[in-house]
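Have a look at the structure below before the remarks.
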Amino acid sequence: QVQLVESGGGLVEAGGSLRLSCAVSGRIVSSSAMGWFRQAPGKERDFVAAIRWSDGRTYYNDSVKGRFTISRDNAKVYLQMNSLKPWDTAVYYCAASRGGASYSTTSYNYWGQGTQVTVSS
């Protein structure tokens, strides 16, 4: 089992920055990649970014390229979010995949509880 706990969400003005953290515990060796997803009210959960544990290779949704950066250390995964826009407002979820990095929610086996990010205009 893998346990994931997100933190770092909050309210920020447009153009501002936030850094999300995801603390990973449990059998982290069983996960080969980590991802960040987000879900706005009434919408589906969308891929934001992913990173492979082995080599740190990263993947991004086109809508956040150049603004968001995913990174990891021994037991945490981060999402640095710069130049935030009102449409970035959502609950952000951290997820762990045993099967490799993917853009699809169905590829992820473990999920955190989510952290709210609200960007005011």
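Annotation: of all residues in segment 88-101 being under 22 Å from Ser32 (Cβ atoms) and assigned to a loop (DSSP other than H, G, I, E, B), the one that is least open to solvent (accessible area, probe 1.4 Å) is Gly100.
Taking Ser71 as the residue in question, decide whether it is part of a strand (DSSP E or B) and without any contact (Cβ under 8 Å) to a residue 40 or more places away in the chain. Judged against the criteria, Ser71 is a match. Restricting segment 45-63 to residues that are open to solvent by less than 50 Å² (accessible area, probe 1.4 Å) and among the β-branched types (Val, Ile, Thr) leaves a set whose member that is farthest from Asn74 (Cα to Cα) is Val48. Ser32 is checked against (1) of a type in the set (Ser, Thr, Tyr); (2) loosely packed, with under 14 Cβ neighbours inside 10 Å; (3) more than 16 Å from Phe68 (Cβ to Cβ) and fails just one. What number does that condition carry? The number of the failed condition is (2).
Selection over segment 110-121 of residues that are more than 13 Å from the chain's Cα centre (by Cα) and modelled with pLDDT of 95 or more gives a count of 3. Scanning segment 45-63 for residues that are in a loop (DSSP other than H, G, I, E, B) and free of Cβ contacts under 8 Å to residues at least 60 places away in the same chain gives Trp53, Ser54, Asp55, Gly56, Arg57, Asn61, Asp62, Ser63.
Cβ-Cβ contacts under 6 Å between residues 6 or more apart (or on different chains), taken from a first residue in segment 96-109 that is modelled with pLDDT of 90 or more to a second residue that is of a type in the set (D, E, K, R) and in a loop (DSSP other than H, G, I, E, B), are listed as Thr105/Arg45; Asn109/Arg98. Within the set Gly16, Gly42, the sole residue that is open to solvent by 30 Å² or more (accessible area, probe 1.4 Å) and either in a loop (DSSP other than H, G, I, E, B) or in contact (Cβ under 8 Å) with a residue 12 or more places away in the chain (or both) turns out to be Gly42. Only residues that are over 11 Å from Phe47 (Cβ atoms) and surrounded by 12 or more Cβ atoms within 10 Å (Cβ to Cβ) were counted across segment 102-120, and they come to 10.
The values are calculated or read from the model by the stated rules, or taken from the named source; none is laboratory data. Everything numeric here is computed off the predicted structure, so don't read it as measured data. Because the Cβ atoms are built from the backbone with ideal geometry, glycine has one as well, and the counts that use them run over all protein chains shown. Note: accessible area is taken over every heavy atom of the protein model, side chains too, but ligands, DNA and RNA are not part of it. Shrake-Rupley method; radii C 1.70, N 1.55, O 1.52, S 1.80 Å.
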